[in-house]
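This report refers to the structure that appears directly beneath it.
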Amino acid sequence: MEKTQYYGTGKRKTSTARVFLMPGTGQIVVNRMDFKEYFKSKAQHEMVTQPLILTDHSEEFDVYINVRGGGSSGQAGASRLGISRALLKFDSDLRQKLKKAGCLTRDPRIKERKKYGQPGARKRFQFSKR
């Protein structure tokens, strides 16, 4: 008996999430911990579960997430994108709902690099005529 598994990858800032969806009871595990233990904030709980609730699949799948890099906010955003992409592998008809809610958009904002000749990415050394 083969178990079906759907995979999706999500990235945000410097965080990367590998998401596996398997038929189950609605359990969400992040780095071998319950997701409510791993993500402390209620806003992050809602962010991670948003694609499942939008598509009415919150009780159908067990979600296993391996996430690394960045902070908790970036990891929650990466997990959301990964879950959305895995749901598309399950059923491509969900694309319209997920796209309208903004769950399929990769957030391109990352830290700007420091440039030479200045103390930071945008800050300049103080200018003096003399």
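Read-outs: derived from the displayed coordinates by stated rules, not from any lab. Keep in mind that what you see is a predicted model, and the values were worked out from it rather than measured. Here the Cβ is made from the backbone with ideal geometry for all residues, glycine too, and neighbour counts use every protein chain on show.
To the nearest 10 degrees, how steep is helix 42-54 against the longest Cα principal axis of the chain, on a 0 to 90 scale? Helix 42-54 and the main axis of the chain meet at about 50 degrees. Relative contact order of the stretch 6-100, taken over Cα pairs closer than 8 Å and 6 or more residues apart, is 45 percent.
Computed from the Cβ-Cβ distance with R0 of 22 Å, the FRET efficiency linking R109 to K129 stands at 0.05. For the pair T25 and K42 in one chain, pulling the backbone fully straight at 0.36 nm per residue adds 4.0 nm over the alpha carbon distance. Can you tell me the 0 to 90 degree angle between the C-alpha axis of helix 72-90 and the longest principal axis of the chain, rounded to 10? So the inclination is approximately 40 degrees.
Computed from the alpha carbon atoms alone, the convex hull of the chain holds 141 Å³ per residue.
Each Lys and Arg contributes +1 and each Asp and Glu -1, all at the Cβ; summed about the Cα centre of the chain, the dipole is approximately 1740 debye. Between T9 and I53, the contour length at 0.36 nm per residue exceeds the alpha carbon distance by 13.9 nm.
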